[in-house]
Structure formats: structure tokens, C-alpha cells
Amino acid sequence: MAEHDDHGDQTQAMSLRKIIHVDMDAFYASVEQRDNPDLRGRPVAVGGSAARGVVAAASYEARVFGVRSAMPSVTAKRRCPDLVFVRPRFEVYRAVSAQIHDVFAEHTDLIEPLSLDEAYLDVTRNKQGIPIATTIALMIRDRIRQVTGLNASAGISYNKFLAKLASDLNKPNGQAVITPARGPRFVAELPVRKFHGIGPATADRMERLGIVTGADLRARSPEFLRDHFGKAGAWYYRIARGIDHRPVEPNRIRKSVGAEDTFDADIHDFDRARHEIAPLAQKVWRHCEGRHLTGRTVTLKVKYADFRQITRSRTLTGPVHGARDLEAIATGLLQPLFPVDKGVRLLGVTLSSLESDDPMAEHQLSLGLPGPGD
């Protein structure tokens, strides 16, 4: 009965909220194709093509071949021999992002950017008094196309979790809505591996426990989820029911930016481990670039095959200046840990002690990690 009451209260309260998640389609790559007609219709990767380069973004033509962001460039080139690499132009992406933000601001001041190319908007009470959120989403997407020449996709729902999931349903250049009546059923049918915020390692753990779908997750008690997933268990209990109380927060400051990866096979040698640091550093720095952030504390996370976990940190006198700096510092923290007795199953890189590198910025907004869509 308590569960039913919780869901009923949630539906009644949250149905009054109208949340839009706007996500630009292959943002960096689309900007490059827009500005260079020779790139249109071709597989494009934004990033470095050198041996240790990393793909920051991939066009949809490249994604057909399995090219994805954060992938080592050598792997991307192997999957798509005709791939064209373009160096990132963050100053251009920031300028386009500002244009997109101006479009958002025509409708609401409740805007929570996750990166340069995506944001949550609360349009429950909007500036133009439009009662239907799907209409607002269409207007925003049309206006973005007029102003920037780029396509955006959108998800509309009664909370952030479902709006984020909805924005992926009809990509590219589409939108979808998940209503309060549909929300719990939609979550129940969805594989937990597709839940925003549940990474591959957690999904693997859930599947080992027999949790494959949202319905499986919903069937587990709060105590079970807490025992197996700690503090995150309460969050999993709520989202399995389509419940997300988080408001759109325009001014929430992120305390750290991090990325991690769990490997299919344990790593035993330093060269292999060092190679895995580069895409993690690139992923973290891409989010920092997008929000004009830098930081002074670099933390390396290492989890071994026996699930023992350690961290190593270094705090600098000045801020980190780029992905290569971040990679070098993290690699320096990694090297003394080798040789290892147990294989390494996970590596993570986090940047904290964050500060703005934009003197014109009044405040910094939250980042949605792990990793945004591009």
C-alpha cells in the first residue's frame, strides 16, 4: 500500500511539471559539417588522429561503423578507414551553444545545462504562456535550426529522468513524450542497461542479480537495493517507478567532474593501463571545456580484480590547462602502482577543486556525468 501511495502522490505532483531535455544531434561533428560543405555526408570524427588521439564526437555517418565518442582514434580508424578527422574548435562550439541557450531563454529561465550540447528546461510556467510542452519543444527545435542551421532532438516528460530517456527515442532530429500515465510502464519495459545514470559495470552487477529490466528492478525491495548498491539503492528504487523529484537547477555548481571505465579483461601491464587513461582524460576535459571549468586536484581511481579499490590524488598550485595535462598527471599517479599483484578491472579520472576559466562567467552550471550525448 505504501508503494501505491508513493506512486500516486508522485503522479499527482509531478504531472504538474513539464520538463524538456534538449540534446543537439552529433553536435561538434554537425558544426564541422555545417561550416565545411566538403564534410557533409562523410564520416567525420572530431578529435586527434594521432596514435594516442581520442574521438570527442562522431557524425552519424561515422556511427554507422561503430565509431563513438571517447573511442581511441586508432580504433575508430580501423572501424572506418574513410573516417575524416577534424581538430576540435571549442571556441566555435561555445559560440553556437550560446546561441542555443538564447533560444532556451526565450521560453524559460529554468535552464540546467549538462554540457555545451544538452540541457534540461522546466517550462511548467513559461514566458510565452504556452500550455503544451510538446509545442514548446517543437518551437525550440525549429528556432535552433533557423538560428544555427543545426538539428536538435528533445524529450518531454514530467521529470528529468524520463525526459532524458525520451530525447533518445526519436534521434536524430525528432522528439518524444513520456506522459505520467505511460512513465512507470515505459520504465518497467526498459533494460536497466539503457537507464541514464546506470553505467556498464553497475548494469553487469544488476544482471548478475537477475535484474535485467525496470520491472526486475521494481520487484526488489529498498533493503535489497541498499544492501547491494549502497546509497544509490534508494535512487534505483525511485527511478524503477518513474519517480524523480530533482528540480531543474540553473545555479547548481558541480564539485567534481569524473569518468571511469570497467574493462572486459583485467589489465596487468602498465602500458595497457596508461593507454586507457587517455580517453578518460579526454572525456573529463571535454565537459570542462564545455562549461569553462578547470581544476587543481586530479584523482586516479583504481579497482582491482578482487574489488579492492584505491585512489591517488595530486593537488596543483595552478589549474590544469588541457586534456594532455590531465592525462599526464593521472598517468604519473598510475605509474607507481605497477607492477600489480592483482589485475586492474576499473580505472577512473576525476578533476576537482573546480574553478571557472571564463572571467565573464557569473556562475557555473551543473554537468551531467557520466558523459553527455554528442
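When peptides 88-96, 22-30, 63-71 are ranked by their average number of other Cβ atoms within 10 Å per residue, the highest-first order is 22-30, 63-71, 88-96. Counting only residues at least eight positions apart within a chain, or on another chain, the lysines with an alpha carbon under 24 Å from that of Lys127 are Lys18, Lys160, Lys164. For segment 182-240, the relative contact order works out to 34 percent when only alpha carbon pairs closer than 8 Å and six or more residues apart are counted. Rolling a 1.4 Å probe across the protein heavy atoms gives the chain an accessible surface of 46 Å² per residue. Among the listed options (1) -0.26, -0.55, -0.68; (2) -0.32, -0.68, -0.83; (3) -0.30, -0.61, -0.73, the one matching log10 I(q)/I(0) by the Debye sum over Cα atoms at q = 0.07, 0.10, 0.11 Å⁻¹ as calculated from these coordinates is (2). Between Asp38 and Thr262, the modelled label-to-label distance comes to 4.4 nm, taking each label 7 Å out from Cα in the direction of the beta carbon. When Leu316, Leu83 are compared by accessible area of protein heavy atoms, the largest-first order is Leu316, Leu83, using a 1.4 Å probe. Taking a straight Cα-Cα cut-off under 12 Å and skipping sequence neighbours fewer than 8 places away in the same chain, the aspartates and glutamates within cross-link reach of Lys283 are Glu260, Asp261, Glu327, Asp374. Taking all protein chains in place and a 1.4 Å probe, what share, in percent, of the accessible surface of segment 182-240 do carbon and sulfur account for? Exposed carbon and sulfur together represent 52 percent of the surface.
Counted over the chain, the DSSP beta bridges are approximately 85% antiparallel.
Return the whole-Å distance between the Cα centroid of segment 71-131 and the Cα centroid of segment 176-208. So the separation of the two Cα centres works out to 24 Å. For segment 256-355, the gyration tensor built on C-alpha atoms gives a prolate shape. Its axis ratio a/c (a ≥ b ≥ c) is at least 1.5, and a/b is the larger of a/b and b/c.
The values are calculated or read from the model by the stated rules, or taken from the named source; none is laboratory data. From a predicted model like this one, the values you see are computed outputs, not experimental measurements. All Cβ positions, even for glycine, are placed from backbone atoms using ideal geometry, and neighbour counts span all protein chains on display. When the accessible area is computed, the model is the full protein with side chains, heavy atoms only, and any ligands, DNA or RNA have been set aside. Shrake-Rupley method; radii C 1.70, N 1.55, O 1.52, S 1.80 Å.
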